[in-house]
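K.L.:
Handing you this structure, nothing more for now.
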Amino acid sequence: MLPSRSVWICIQREKKHICHRSSQHVTGLLKSSGSPVITPSPLSSFSFSKSLSGLSAARRGLIQRKMSENGVTARRSKVLTIDTMNATVKKVEYAVRGPIVQRAVQIEKELKEGAKKPFTEVIKANIGDAHAMGQQPITFFRQVLALCSYPELLKDSNFPEDAKHRARRILQGCGGESIGAYSASQGIDCIRQDVARYIERRDGGVPCDPDNVFLSTGASDGIVTMLKLLVAGEGRNRTGIMISIPQYPLYSAALAELGAVQVNYYLDEEKCWGLDISELQRSLEAARQHCNPRALCIINPGNPTGQVQSRQCIEDVIRFAAKENLFLMADEVYQDNVYADGCQFHSFKKVLFEMGPEYSNTVELASFHSTSKCYMGECGFRGGYMEVINLDPEVKEQLSKLVSVRLCPPVPGQALMGLVVNPPQPGEPSYTTFMKERTAVLSALAEKAKLTEQILNTVPGIACNPVQGAMYSFPRITLPERAVKEAKEKGQAPDMLYCMKLLEETGICLVPGSGFGQRDGTYHFRMTILPPVDKLQILLSKLKEFHQRFTKQYS
Amino acid sequence: MHRLPSSANRSLVAGALEQYCALVMRPKSKTIRQESVRFKTQGPIESYGLKRYSTAEATVASTSKIREKTLTMETLNPQVKAVEYAVRGLIVMKADEIERCLREGGKQPFTEVIKANIGDAHAMGQQPITFLRQVVALCTFPELMDSPGFPEDAKARAQRILRGCGGTSLGSYTASQGVECIRQDIATYIGQRDQGVPADWNNIFLTTGASDGIVSILKMLVSGQGASRTGVMIPIPQYPLYSAAIAEMEAVQINYYLDEDNCWALDINELHRAYQAAREHCQPRVICIINPGNPTGQVQSRKCIEEVLHFAYEENLFVMSDEVYQDNVYASGCKFHSFKKVLFEMGPEYFNSVELASFHSTSKGYTGECGFRGGYMEVLNLDPEVKAQLLKLRSVQLCPPVSGQAAMDIIANPPQPDEPSFSLFHQEKTAVLGSLKEKAQLTEEILNSVPGIQCNPVQGAMYAFPRLFIPPKAVEQAKALGMQPDMLYCLRLLEETGICLVPGSGFGQREGTYHFRMTILPTKEKLKVLLDKVSDFHIKFLKDYGTSEVPRG
């Protein structure tokens, strides 16, 4: 009792000792600014700022700066400016939604407002966004999600029993049987179990522990989280992360933001974007001169390059990672998107386990999946998971802690991920429709993959590797020297110039290869194969014409 | 009369102790100090993570250690190690463990775990708002548009949202800033809320819950090294997302203490004190305010907000106002004032210069839709170049979940009086808020009837954060165990009653004071039971540790 009383007293004393700024002074300050509080007429400044909003951001900034020079606006300078902001954020680049896409959005607006263009619509082939390109959702998935969102529908006889059954199971896994409750930070228990069983089936029985499965907000979230864990050290000890070039720019963006060292290994364009172990070795040794390479990222099937890795190649990569003590990150979001004859998806996990305990008990692996790609293309739900293997138990706790700060991945996305890994089974009422829809999407994609490759390869100056998998082609384009020169004068990547012109002249929005990385002196673009066949044909023929025109214009 | 701590009880505290020791006695001397401080967030699951694979692993390890792990506690990102998040920390993991034990038929002195640790309304039995869920269902499965079971206004909302989505599907990525028409609805909503203060939809960013927006803005602000490293002013007690994000970004946390004796009010002198002290070692650049307060439940007066804004103006600070509880105001005489509105009313000198980001979410209010991870932020006076950078940063994560965006839209654009769903909506909304108000009062009353517990009025938000008298002997024991006294208290409470609360030390508090945070969300009946159990436990706890009298504040 006594000590605590003294604690009580202590607090009182502490309060008195707090360094007060004279309260008179504060009141004085408030008084001096007392009049504007009543707000005479702030409207004038409003209409002014409104009229400014029509200008481009840069010009507006300029005007505001000028105004402050003249003392028209506040004497207070901004806390947050381009010079004082986080420098690592400034370094982040993400071409998939970069300047070209911003311009596309602008052009769309102009069209809507009746502007005359040599085209009537913008075709966005910049991003793997299937539904935006007209792909229809899988009925079963949406039925279950609607049931989860509005459980009153469980009484509706129009919904099939298997959909209702799934919905009930998911809801039972939610707090208060509502998808409006936070879930465990790692994800809903029963969904993680379903994911584990799915992985086991996929990998021919290799066991999967649900405790190793973390649901995520799309695959990106999982990837960034794992990278975050890995980044440490300063100077030569700073973590290096090996990524493929070309790469999906989430990786370079995350590395820039985390201040990690990006270690490039180049895929072999001549060998259908194959991964060459000797290139891995070269890249690693070069990197060791200036950083501490600790992880190797693989995207299979490849984004933007569309190659599907052979089993042998995966084994070689794993052996390399084991030998060099690298953490493996396998981005497998396109695992259902394999089109080319003779190609098959092999998960890193499965190959790892087939290589025996020497590997399967030691190599640290995180693999990623998502609801956004494959046959469902449900990007907007931001569903995904990662599986971690051989993670140090303490590190795993740290991972759990880190993900807990963000509370949980969106529950509708989790539910959807749960459905992807546990779709209708033969004998269930929704099975036939489900299979029909799934097959239709995947075979259309296979057809479009072939079509894209074929048409592009008929254009002189465009060379396209087979689109074995994923959702993109990444053809190499030959650009006339004059175009390269003009781009350089403008301070632009030559393929950026190309894509900007393409957009302005045809309304087609692609992403320049420079946004993904490419060998010096080579130029590419990434286009999705997602538009419907008829639209894709139009797109490809427009592209063909444009390329020929471009080549002529600059030669 | 009271029993000695049961063996199960001892094992809980002792179990936690073992985990503390395991870390404190790690060989790397350099990390000991930090880890012992950080330990709170360590999980109890250490032992079973890899158990199922561990047999084979153990065999290999015993023959020859082939390969060191790439990623260990020694090589882990030290900033990640520094992160703490008590709301889902040790105590919650223990609660999960006990729940599992109960499910498997294990014996406990109670039949269920009551999780009053987190503001998770639906988990506590709150029903969703029908209209919101109807619209989300319609957006999800548009075939329902033909169903006569759905009201026309819900269909109209759903159609409007779908038209804003690529391919009219919720499954498309949206613009990284969010669906355009939803941002417009939000701007309109803000304009109405703030009695005509205009909001520009170009300043609205949809987010994945409010947390996502808060972290993004902080990320923009962190820069400099040493004495010029960004300092972030946060209230103490605070919602630990802030301290966690600050730790992860290696920014400098600047504590300003809320005045418990004055109903957790923000004292402008204390802001000055904290600011001046911090300037010695960092560059304070931003002040964070949570209003209504989490975990402290106070509602800021208009005058106080004006003082804060004036302070920020004078000291050139970026203002972040976390207003996710804006609909949760219960006490008579209290009213929510948005920082933006007050800033406007202070005149153009302020309104055109103070940089402000304010945050809202679908998770609280009367909807309590936490699982959808919906939210938005509004930025004001952001440098245009910085805004472009913010947009770029946000674009890397593609977009916030679209169903969460849709839910946010319904909050911004609920049924209007002339629409068919209005009366049901209004009735549901009023019922939720009315019951929260009642529970806020009930919680305060019952807690204040317990000797050794002092609870400020729960003016708003969803939590009570009462101060606890913890007997010196208990404090000593906790210290011997290397844990915070209120952690010991909450662990024992959990073990003996099944009630899961978060110790005040997870939010920060003045040294020598102890608190817990509990939500007021359980149903009234359950809340009464919970409060009675807490009362009984507290009295027993005092007795256990040899105190029959407690000092009154």
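The values are calculated or read from the model by the stated rules, or taken from the named source; none is laboratory data. Because the structure is a prediction, the values reported are computed rather than measured. All Cβ positions, even for glycine, are placed from backbone atoms using ideal geometry, and neighbour counts span all protein chains on display. Side chains are part of the model used for accessible areas, which takes the heavy atoms of the whole protein and leaves out ligands, DNA and RNA. Shrake-Rupley method; radii C 1.70, N 1.55, O 1.52, S 1.80 Å.
K.L.:
Out of (1) surrounded by fewer than 21 Cβ atoms within 10 Å (Cβ to Cβ); (2) in contact with a Lys or Arg (Cβ under 9 Å, 6 or more places away or on another chain), what's the single condition that is false for A:Ser370?
P.N.:
Failed condition: (1).
K.L.:
Residue by residue through the stretch B:381-398, note down the ones that are closer than 15 Å to B:Leu206 by Cα and in contact with a Leu (Cβ under 8 Å, 6 or more places away or on another chain).
P.N.:
B:Leu390, B:Val396
K.L.:
Step by step: first the residues of the stretch B:217-246, then only those that are within 24 Å of B:Glu378 (Cα to Cα), open to solvent by 10 Å² or more (accessible area, probe 1.4 Å) and outside any loop (DSSP other than H, G, I, E, B), then the one that is farthest from the other protein chains (Cβ to nearest Cβ). Which residue is that?
P.N.:
Applying the first criterion (within 24 Å of B:Glu378 (Cα to Cα)) to the stretch B:217-246 yields B:217-223, B:230-235, B:238-246.
Filter once more, keeping what is open to solvent by 10 Å² or more (accessible area, probe 1.4 Å): B:219, B:223, B:239, B:243.
From what is left, the residues that are outside any loop (DSSP other than H, G, I, E, B) are B:219, B:243.
Working: B:Lys219: 6, B:Ser243: 10 Å.
Top of the filtered list is B:Ser243.
K.L.:
Across the stretch B:342-382, what is the number of residues that are more than 7 Å from chain A (Cβ to nearest Cβ), under 24 Å from the mean Cα position of the chain (by Cα) and not in a strand (DSSP E or B)?
P.N.:
6
K.L.:
Out of the stretch B:67-123, which residues are of a type in the set (Asp, Glu) and either surrounded by 15 or more Cβ atoms within 10 Å (Cβ to Cβ) or closer than 21 Å to B:Leu241 by Cβ (or both)? Full working, then the answer.
P.N.:
Residues of the stretch B:67-123 of a type in the set (Asp, Glu): B:68, B:74, B:84, B:96-97, B:99, B:104, B:112, B:120.
Within the stretch B:67-123, B:Glu74, B:Glu84, B:Asp96, B:Glu97, B:Glu99, B:Asp120 qualify.
K.L.:
Any idea how many residues of the stretch B:383-407 are open to solvent by 20 Å² or more (accessible area, probe 1.4 Å) and not in a helix (DSSP H, G or I)?
P.N.:
The number of residues fulfilling the criteria is 1.
Listed here are the residues, each with its yes/no results for (1) away from chain B (no Cβ under 11 Å); (2) farther than 22 Å from A:Pro423 by Cα; (3) open to solvent by 30 Å² or more (accessible area, probe 1.4 Å).
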{"site": "A:Thr139", "(1), (2), (3)": "no, no, yes"}
{"site": "A:Ser149", "(1), (2), (3)": "no, no, no"}
{"site": "A:Arg166", "(1), (2), (3)": "yes, no, no"}
{"site": "A:Ile191", "(1), (2), (3)": "yes, no, no"}
{"site": "A:Ile223", "(1), (2), (3)": "no, yes, no"}
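K.L.:
Test A:Glu200 against the stated conditions and say whether it is closer than 21 Å to A:Lys349 by Cα, part of a helix (DSSP H, G or I) and not aliphatic (A, V, I, L, M). I'd like the intermediate steps shown before the answer.
P.N.:
Details: closer than 21 Å to A:Lys349 by Cα: yes; part of a helix (DSSP H, G or I): yes; not aliphatic (A, V, I, L, M): yes.
Taking the combined requirement at face value, the residue satisfies it.
K.L.:
Among all residue pairs at least 6 apart or on different chains, which show Cβ distances below 6 Å where the first residue, located in the stretch B:142-169, is without any contact (Cβ under 8 Å) to a residue 24 or more places away in the chain and the second is surrounded by fewer than 16 Cβ atoms within 10 Å (Cβ to Cβ) and part of a loop (DSSP other than H, G, I, E, B)?
P.N.:
B:Gly167/A:Gly134
One line per residue, one yes/no per condition, for (1) within 23 Å of A:Phe214 (Cα to Cα); (2) assigned to a helix (DSSP H, G or I):
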position	(1), (2)
A:Met226	yes, yes
A:Gln281	no, yes
A:Glu285	no, yes
A:Arg294	yes, no
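K.L.:
Another one. Which residues, counting only those in the stretch A:451-483, are touching a residue at least 24 places away in the same chain (Cβ under 8 Å), under 16 Å from A:Gln548 (Cα atoms) and aliphatic (A, V, I, L, M)?
P.N.:
Passing the criteria: A:Ile455, A:Leu456, A:Val459, A:Ile462, A:Ile477, A:Leu479, A:Ala483.
K.L.:
The conditions are (1) open to solvent by less than 30 Å² (accessible area, probe 1.4 Å); (2) more than 7 Å from chain A (Cβ to nearest Cβ), and B:Ala156 fails exactly one of them. Which is it?
P.N.:
(1)
K.L.:
Just need a number here: residues in the stretch A:83-93 that are open to solvent by 10 Å² or more (accessible area, probe 1.4 Å), within 7 Å of chain B (Cβ to nearest Cβ) and touching a helix residue (DSSP H, G or I) at 6+ places or on another chain (Cβ under 9 Å). Outline the logic, then answer.
P.N.:
Here is the first cut: in the stretch A:83-93, the residues open to solvent by 10 Å² or more (accessible area, probe 1.4 Å) are A:83-84, A:86-88, A:90-91, A:93.
Next cut, within 7 Å of chain B (Cβ to nearest Cβ) only: A:84, A:86-87, A:90.
Filter again for touching a helix residue (DSSP H, G or I) at 6+ places or on another chain (Cβ under 9 Å), leaving A:84, A:86, A:90.
Looking only at that region, the number is 3.
K.L.:
So which residues in the stretch B:205-216 are β-branched (Val, Ile, Thr) and more than 9 Å from chain A (Cβ to nearest Cβ), if there are any at all?
P.N.:
Step one: list which residues in the stretch B:205-216 are β-branched (Val, Ile, Thr), which gives B:207-208, B:214-215.
Answer for the stretch B:205-216, where residues must be β-branched (Val, Ile, Thr) and more than 9 Å from chain A (Cβ to nearest Cβ): B:Thr207, B:Ile214.
K.L.:
For the stretch B:85-113, how many residues meet the condition of being more than 8 Å from every other protein chain (Cβ to nearest Cβ) and in a loop (DSSP other than H, G, I, E, B)?
P.N.:
Selection size over the stretch B:85-113: 10.
K.L.:
If you don't mind, there's one more thing I want to ask. What is the number of the single condition among (1) on the phi < 0 side of the Ramachandran plot; (2) surrounded by fewer than 22 Cβ atoms within 10 Å (Cβ to Cβ) that B:Gly512 does not meet?
P.N.:
Against the list (1) on the phi < 0 side of the Ramachandran plot; (2) surrounded by fewer than 22 Cβ atoms within 10 Å (Cβ to Cβ), B:Gly512 comes up short only on (1).
Here is a yes/no grid of residues against (1) under 17 Å from A:Ala493 (Cβ atoms); (2) among the β-branched types (Val, Ile, Thr); (3) crowded, with 23+ Cβ neighbours inside 10 Å; (4) in contact with a Gly (Cβ under 7 Å, 6 or more places away or on another chain):
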{"site": "A:Pro99", "(1), (2), (3), (4)": "yes, no, no, no"}
{"site": "A:Arg103", "(1), (2), (3), (4)": "yes, no, no, no"}
{"site": "A:Glu110", "(1), (2), (3), (4)": "no, no, no, no"}
{"site": "A:Pro118", "(1), (2), (3), (4)": "no, no, no, no"}
{"site": "A:Asn126", "(1), (2), (3), (4)": "yes, no, yes, no"}
{"site": "A:Asp129", "(1), (2), (3), (4)": "no, no, yes, yes"}
{"site": "A:Gln136", "(1), (2), (3), (4)": "no, no, no, no"}
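K.L.:
Within the stretch B:176-188, track down each residue that is within 12 Å of chain A (Cβ to nearest Cβ) and surrounded by fewer than 20 Cβ atoms within 10 Å (Cβ to Cβ).
P.N.:
Step one: list which residues in the stretch B:176-188 are within 12 Å of chain A (Cβ to nearest Cβ), which gives B:176-180.
The one that is within 12 Å of chain A (Cβ to nearest Cβ) and surrounded by fewer than 20 Cβ atoms within 10 Å (Cβ to Cβ): B:Glu180.
K.L.:
Mind telling me which of the residues A:Phe353, A:Phe327, A:Phe320 ends up being within 14 Å of chain B (Cβ to nearest Cβ) and either open to solvent by 30 Å² or more (accessible area, probe 1.4 Å) or free of Cβ contacts under 8 Å to residues at least 24 places away in the same chain (or both)? Break it down into steps so the answer makes sense when it comes.
P.N.:
On the way: A:Phe327 fails: either open to solvent by 30 Å² or more (accessible area, probe 1.4 Å) or free of Cβ contacts under 8 Å to residues at least 24 places away in the same chain (or both); A:Phe320 fails: either open to solvent by 30 Å² or more (accessible area, probe 1.4 Å) or free of Cβ contacts under 8 Å to residues at least 24 places away in the same chain (or both).
Of A:Phe353, A:Phe327, A:Phe320, the one residue that is within 14 Å of chain B (Cβ to nearest Cβ) and either open to solvent by 30 Å² or more (accessible area, probe 1.4 Å) or free of Cβ contacts under 8 Å to residues at least 24 places away in the same chain (or both) is A:Phe353.
K.L.:
In the stretch A:215-223, is there at least one residue being free of Cβ contacts under 8 Å to residues at least 24 places away in the same chain and of a type in the set (Gly, Ala, Ser)? Reasoning before the result, please.
P.N.:
Quick first cut of the stretch A:215-223, residues free of Cβ contacts under 8 Å to residues at least 24 places away in the same chain only: none.
No, that holds for no residue.
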